[in-house]
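A.B. asks: Have a look at this one before I ask anything.
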Amino acid sequence: MSLNKRILFIDSNHPTLHEELQAAGFICDLQYEWSKEKVMGELHNYIGVVIRSRFKLDKEMIDKGTQLKFIARAGAGMENIDVVYAESKGIKCLHAPEGNRDAVGEHAIGMLLSLLNNLNRADKEVRQGIWIREGNRGIEIQGKTIGIIGYGNMGSAFAQRLKGFGVTVLAYDKYKKNFSDEYAKEASMDELFEKADILSLHLPVTEETRYLVTTSFLEKFKKNIYIINTARGKIVKTDELVEQIKRGKILGACLDVLEYEHVSFEALDPNKLPEAFRYLIQSDKVILSPHIAGWTFESHEKIAKVLVNKIKALNL
């Protein structure tokens, strides 16, 4: 068995990924049940590893992959890979935000429409035989200014889907310049603070963005706003967000991600859930989903195809 064609799959993925790589001459070992210790003991046998989120590929694990040429993450975020260290050793780090950006853009729109039109609450009421019209009067997106922080794959996909709503889209991205397009106008954070009615976050978790959204951050907005987070939970300090919802500074929140995600809620005593989380699940000013914004049948396959192309392009 040729070492230079072996790829270890630690997490399950769409079958297109390993099938097309095998057709291209790679040997794909699908080892979804291997423990971290087993992976570390075998990693030296592979030139590539494909992951989602089961393990963090830290310095210790990367050092075991003495023949590694690439690490591929079937998803957008790279926070479970020590990218800087891997790249310092000549290991390419691949991900596939192109594969689920459309799903994220659509999900963000869906959450926003549900929140502004009270659809979740109204649906529950009608099922209970309660018919309230005035109390469920909605708010239109048209005419609003939507601020986007982070104008990469996800932020731009969200902006594209807003085009038909008759809104003004302002986008801030610290690491990009001159990116205005037909969907969004490049703006400063000060402009977002001044003009935004709705804020959507599209950022990775880094030391710079961790708990970016706090009381002091939210108080900089001139208007009372709605907030959407389909990015990463730890960008938002949840207890401080909750306080701003109670105060009325935040009119509503669409949260696909939460800072508590590393905890298995099924194993928790419901009486011991964080107080802020208990508020979120009881509030009709909040729409919640379980980190599924990029999680569609279509994105599952598109992510696989994106990674196949990126791995082939390495010409290994």
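A.B. asks: Quick one: what Rg and Dmax do you get for the stretch 154-195 from the alpha carbons, in Å?
C.D. replies: Rg, Dmax (Cα atoms, Å): 10.1, 28.
A.B. asks: Can you run the Rg to Rh ratio on the stretch 223-316? Use alpha carbon positions and the Kirkwood inverse-distance Rh.
C.D. replies: 1.13
A.B. asks: Still on this structure, please answer the following. Suppose every Lys and Arg Cβ carries +1 and every Asp and Glu Cβ carries -1, with no other charges. What dipole size does the stretch 169-316 come out with about its Cα centre, to the nearest 20 debye?
C.D. replies: The dipole magnitude comes to about 240 debye.
A.B. asks: Please name whichever of His18, Thr296, Leu314 sits farthest to the positive end of the charge dipole of the chain, dipole taken about the Cα centre and charges placed at Cβ: Lys and Arg +1, Asp and Glu -1.
C.D. replies: About the Cα centre, the residue reaching furthest to the positive side is Leu314.
A.B. asks: Express the carbon and sulfur contribution to the solvent-accessible surface of the chain as a percent, rounded to the nearest whole number, probe 1.4 angstrom.
C.D. replies: Ligands and nucleic acids excluded, carbon and sulfur reach 50 percent.
A.B. asks: Decide, for the stretch 94-217, between rounded, prolate and oblate: order the square roots of the alpha carbon gyration tensor eigenvalues as a ≥ b ≥ c, take rounded if a/c falls under 1.5, and otherwise choose prolate if a/b is larger than b/c, else oblate.
C.D. replies: prolate
A.B. asks: So, one more: Within 10 Å, count the other beta carbons around each residue, average over each peptide in 291-297, 280-286, 99-105, and list them highest first.
C.D. replies: 99-105, 291-297, 280-286
A.B. asks: Going from most exposed to least, what order do Phe55, Phe158 have by accessible area with a 1.4 Å probe?
C.D. replies: Result, largest first: Phe55, Phe158.
A.B. asks: Using only Cα atoms and rounding to the nearest 10 degrees, what angle (0 to 90) does helix 97-116 make with the longest principal axis of the chain?
C.D. replies: For helix 97-116, the angle is close to 20 degrees.
A.B. asks: Give the distance, in whole Å, between the Cα centre of the stretch 186-260 and the Cα centre of the stretch 73-123.
C.D. replies: Cα centres, the stretch 186-260 to the stretch 73-123: 17 Å.
A.B. asks: Name the shape class, rounded, prolate or oblate, that the alpha-carbon gyration tensor gives for the stretch 18-95, where a ≥ b ≥ c are the square roots of its eigenvalues, rounded holds for a/c under 1.5, and otherwise prolate holds if a/b is larger than b/c and oblate otherwise.
C.D. replies: Rounded, because the longest to shortest axis ratio a/c is under 1.5.
A.B. asks: Pulled fully out, how much extra length does the chain show between His291 and Lys56, if you take 0.36 nm times their separation in residues and subtract their Cα-Cα distance? Intermediate results must be reported in sequence, preceding the final value.
C.D. replies: On the way: separation 235, 0.36 × 235 = 84.60 nm, distance 1.83 nm.
Full extension of this stretch gives 82.8 nm more.
A.B. asks: Under 16 Å from a label point 7 Å along Cα→Cβ of Lys310: give me every residue in the stretch 17-61 with its amide N that close.
C.D. replies: Within reach of a label on Lys310: 17-18, 21, 48-54, 57.
A.B. asks: Charges only on Cβ, +1 for Lys and Arg, -1 for Asp and Glu: so what's the dipole of the chain about the Cα centre, in debye to the nearest 20?
C.D. replies: 300
A.B. asks: Something else about it: So for the chain, taking the charge dipole from beta-carbon charges (+1 Lys/Arg, -1 Asp/Glu), which of Ala196, Ser283, Ile91 sits furthest toward the positive end?
C.D. replies: Ala196
A.B. asks: Considering Cα pairs under 8 angstrom that are at least six residues apart, work out the relative contact order of the chain and quote it in whole percent.
C.D. replies: 18 percent.
A.B. asks: Taking Cα pairs under 8 Å and at least six residues apart, what relative contact order does the stretch 216-316 come out at, in percent?
C.D. replies: Relative contact order comes out at 28 percent.
A.B. asks: Translational D (Stokes-Einstein, µm²/s) of the stretch 152-286 at 10 °C and 1.306 mPa s when Rh comes from the Kirkwood sum over C-alpha pairs?
C.D. replies: Details: Rh = 15.9 Å.
The Stokes-Einstein estimate is 100 µm²/s.
A.B. asks: Another one. Probe of 1.4 angstrom, ligands and nucleic acids ignored: what's the accessible area per residue over the stretch 10-88, in square angstrom? Walk me through the numbers before you get to the answer.
C.D. replies: Working: 3500 Å² over 79 residues.
Accessible surface, normalised per residue, equals 44 Å².
A.B. asks: Here's a follow-up. Computed over the Cα atoms, what is the radius of gyration of the stretch 19-176 divided by 2.2 N^0.38 Å, N being its residue count?
C.D. replies: Details: Rg = 22.4 Å, N = 158, 2.2 N^0.38 = 15.1 Å.
Cα-based Rg divided by the globular estimate yields 1.49.
A.B. asks: Ignoring ligands, DNA and RNA, how do Glu186, Glu207, Glu60 rank by accessible area with a 1.4 Å probe, largest first?
C.D. replies: My answer, sorted largest first, is Glu207, Glu60, Glu186.
A.B. asks: Could you state the angle between the C-alpha long axis of helix 153-162 and the longest principal axis of the C-alpha atoms of the chain, as a value from 0 to 90 degrees rounded to the nearest 10?
C.D. replies: Here the helix axis deviates by roughly 40 degrees.
The values are calculated or read from the model by the stated rules, or taken from the named source; none is laboratory data. Everything numeric here is computed off the predicted structure, so don't read it as measured data. In this analysis, Cβ positions are derived from the backbone assuming ideal geometry, glycine residues included, and neighbour counts consider all displayed protein chains. All accessible areas refer to the heavy atoms of the entire protein, side chains included, with ligands and DNA or RNA removed. Shrake-Rupley method; radii C 1.70, N 1.55, O 1.52, S 1.80 Å.
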